[in-house]
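Here's the structure we're looking at; comments come further down.
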Amino acid sequence: MFYVRMFFQYVAQYMKTRLEYRADLVVELFSDLLFQAVNLIFILVVFDHTEFLNGWSRDEIIFIYGFFLVPFALFSSFFNIWDFNERYIVKGEMDRILTRPIHSLFQVILERMELESLFGAVTGLAVMFYAGSRLNLEFNWYDPLLFVVLVLGGVLVYAGIFVMIACISFWADARTSIMPMMYNIGNYGRYPVDIYNKAIRFVLTWILPFAFVGVYPAAYFLGREEWYGYSYMTPVIGIVFFTLSVFIWNEGVKRYRGAGN
Amino acid sequence: MNAIEVNGLRKEFKAYSSRSGLSGAFRDLFTRNYKIVPAVNDISFNVKQGEMVGYIGENGAGKSTTIKMLTGILTPTTGGIIVNGMNPHKERERFVQTIGVVFGQRSQLWWDIAVQESFRLLKKVYKVSDAHYNEHMDHVIKTLDIEPLLDKPVRKLSLGQRMRCELAAALIHNPPLLFLDEPTIGLDVLVKLKIREFLKEINEKYNTTILLTTHDLTDIEALCERVIMLDEGNIIYDGALKSLKEKWGEGKEISFEFLEKADLQHLEALTNDLEAKWELDEKDQIFTAVTGDDEEAVSQIIARTVAAYKVRDVKINEPSTEEIIRNIYEKGMA
């Protein structure tokens, strides 16, 4: 309960900070919306040239892409920790975090949230509705509920992977360029995994399970029954990876060396 | 009751050293040379509830490392720490509820929002009730004189203003133990005085234990009865500030400026039965007699010198704490 309350306290604080810079806020909202619109058009144009990809139709691929954008937007809003090493380890901000009575990872997440990224979810939903209506998908009453569960599963997968990468900073001093590389690999989850070779598929399913953010859960809504097993596993993989990452984080904090003054 | 109990505390860091040249860099890829450097070397001490202790030492002596272990930020390599009856690192989240921390070089406040918003959020973080907050913080805010700063964003405050707000922020949950790491660094004299007064006051009012590191020894002189002195990770002195002075203060210096020409040998002859060593500053023609703490000797030296020469000026100097400490570091404890 305390953590939920703190979450909303920080959200409120975040809003206030944003409102401090009123002009910035307007510009930012505008550019965010513009970016999402361009993104939307871009997706439609790019996929206009693909007809079938290994048995997936153009609209199905667009649908998967749209689905992917939703967990990705949530992830980007709340796990904006790509500069964790520099900000918290090198500059020693972690010292301050560790002197407050809230779990350290939770504090870092709260401090770094970037709520504007939530607009990406709107784009994602728009893309899904567009593709879904062209595919004449049928929905059950419980599908929205399942949608929420699968999206959260995807968010946890993403979060787990990136928290683990952030944890590297506790062991290694040097800056690593793994973060941007990971963002690129993450993009592979947007496309049907059976277009890749077996090795890549294995990696995207079990090692860096980005496929659970896009294609696997989306396959459920597309009625692709051969993938249902993977779809249902999304929340499980999410919980496993995220739990593991929190565990590694806690170990990492014990090794934190602090920054010199 | 002891607020802090430290037993055989040790913290080692691995220090990597790189080999020289390109071939050295290649070898570093596979086997890196490292030394294990103890930053804190098996130290032990206790601090009683309500004590104000100065923790001093040169840069790199291990002060910050100790403070970070005491506040639960770093895990000790070996040794036991009990602070407020808890192990700081093991029960971190429960433990930090009972301490306040001010790092002079690092802000606890949110940069972009008004000070009172930061306070409000911290109040929630520490689960402080409205009644407690109002009763306690009204007083803190008044004493530190930060009322007019509350609605300003932190980034617009001067260093002195910010420091006072930092101090108030560290006290929101009225902790029984306060860690201050260089709280007066870079502050002007008036702000320093205000902060010192305030610390004395909360120590008296709430019996707050304060552990203070600083490079400004006047802070320690004004606040602390006890000092712990650190050198290369070892405690080299732990005791009253007064006895540090008595033990290491090297007597008094009496400086004379004469109206007429004086002679060093003659002065030495005048006081040869007393404990006095004469020195001459050639440039300003100032003659200085260094003597012990014997008051009789001091007055004898002055009496005999004044009788022999016409004097323009006489000064009696006692070595400052700073000089004493510099002496200890330069000459070692032995």
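For the structure I just gave you, tell me whether A:ARG100 is within 14 Å of chain B (Cβ to nearest Cβ) and in a loop (DSSP other than H, G, I, E, B). Can you show your working first?
Values: within 14 Å of chain B (Cβ to nearest Cβ): yes; in a loop (DSSP other than H, G, I, E, B): yes.
So A:ARG100 fits the description; yes.
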Quiz item: Cβ-Cβ below 8 Å, separation at least six or inter-chain, first residue in the range A:6-24 and more than 16 Å from A:PHE106 (Cα to Cα), second aromatic (Phe, Trp, Tyr) and surrounded by 15 or more Cβ atoms within 10 Å (Cβ to Cβ): which pairs?
Solution: A:THR17/B:TRP110
Self-check item: A:ASN250 being under 16 Å from the mean Cα position of the chain (by Cα) and either loosely packed, with under 12 Cβ neighbours inside 10 Å or among the polar types (S, T, N, Q) (or both)
Solution: no
Quiz prompt | Condition met for A:ILE248 (away from chain B (no Cβ under 14 Å) and under 30 Å from B:LYS63 (Cα atoms)) | solution = yes
Quiz item: When the residues of the range A:37-58 are filtered to those that are surrounded by 15 or more Cβ atoms within 10 Å (Cβ to Cβ) and of a type in the set (S, T, N, Q), which remaining residue is modelled with the highest pLDDT?
Solution: A:SER57
Exercise. Out of B:ASP138, B:ASP151, report the one residue that is more than 14 Å from chain A (Cβ to nearest Cβ), closer than 30 Å to A:VAL4 by Cα, surrounded by fewer than 13 Cβ atoms within 10 Å (Cβ to Cβ) and of a type outside the set (A, V, I, L, M).
Key: B:ASP138
Practice problem: Inspect the range A:222-230 for any residue being more than 23 Å from A:ILE168 (Cα to Cα), away from every other protein chain (no Cβ under 14 Å), crowded, with 18+ Cβ neighbours inside 10 Å and of a type outside the set (A, V, I, L, M, F, W, C) and give the result as yes or no. | Solution: yes
Quiz item: Is the range B:83-101 home to any residue that is within 30 Å of B:ASP151 (Cβ to Cβ), in contact with a strand residue (DSSP E or B) (Cβ under 6 Å, 6 or more places away or on another chain), at pLDDT 90 or above and within 7 Å of chain A (Cβ to nearest Cβ)?
Solution: yes
Quiz item: Between a first residue in the range B:302-313 that is more than 14 Å from B:ALA269 (Cβ to Cβ) and a second residue that is in a strand (DSSP E or B) and of a type outside the set (Phe, Trp, Tyr), which pairs have beta carbons less than 6 Å apart while being 6 or more apart in sequence or on different chains?
Solution: B:ARG312/B:GLU257; B:ASP313/B:GLU257
Quiz item: Applying the selection to the range B:294-334, what residues are closer than 19 Å to B:ILE228 by Cβ and assigned to a helix (DSSP H, G or I)?
Solution: B:THR321, B:GLU322, B:ILE324, B:ILE325, B:ARG326, B:ASN327, B:ILE328, B:TYR329
Quiz item: Within the range B:2-35, which residues are more than 13 Å from chain A (Cβ to nearest Cβ) and touching a residue at least 24 places away in the same chain (Cβ under 8 Å)?
Solution: B:ASN2, B:ALA3, B:ILE4, B:GLU5, B:VAL6, B:ASN7, B:GLY8, B:LEU9, B:ARG10
Practice problem: Determine the pairs where a residue that is closer than 20 Å to B:VAL191 by Cβ, located within the range B:98-112, has a partner that is surrounded by fewer than 19 Cβ atoms within 10 Å (Cβ to Cβ) and among the hydrophobic types (A, V, I, L, M, F, W, C) with Cβ atoms under 8 Å apart, the partner being 6 or more residues away or on another chain. | Solution: B:GLY104/B:ILE185; B:GLN105/B:ILE185
Exercise. Among the residues of the range B:154-166, write down those that are within 14 Å of chain A (Cβ to nearest Cβ) and free of Cβ contacts under 8 Å to residues at least 12 places away in the same chain.
Key: B:LYS156
Quiz item: Within the range A:79-90, can one find any residue that is modelled with pLDDT under 95, assigned to a helix (DSSP H, G or I), among the polar types (S, T, N, Q) and under 23 Å from A:THR243 (Cβ atoms)?
Solution: yes
Quiz item: Checking B:ASP42 against (1) surrounded by 17 or more Cβ atoms within 10 Å (Cβ to Cβ); (2) acidic (Asp, Glu); (3) more than 13 Å from chain A (Cβ to nearest Cβ), which single condition isn't satisfied?
Solution: (1)
Quiz item: Would you pick out the residues in the range B:11-25 that are at pLDDT below 80 and in contact with a Gly (Cβ under 9 Å, 6 or more places away or on another chain)?
Solution: B:SER18
Quiz item: Do we have any residue at all in the range A:196-206 that's modelled with pLDDT of 85 or more, buried (at least 20 other Cβ atoms within 10 Å of the Cβ) and not hydrophobic (A, V, I, L, M, F, W, C)?
Solution: no
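The values are calculated or read from the model by the stated rules, or taken from the named source; none is laboratory data. Remember, it's a predicted structure, so these values are computed and weren't measured experimentally. Virtual Cβ from ideal backbone geometry, glycine too; neighbours counted across all protein chains shown.
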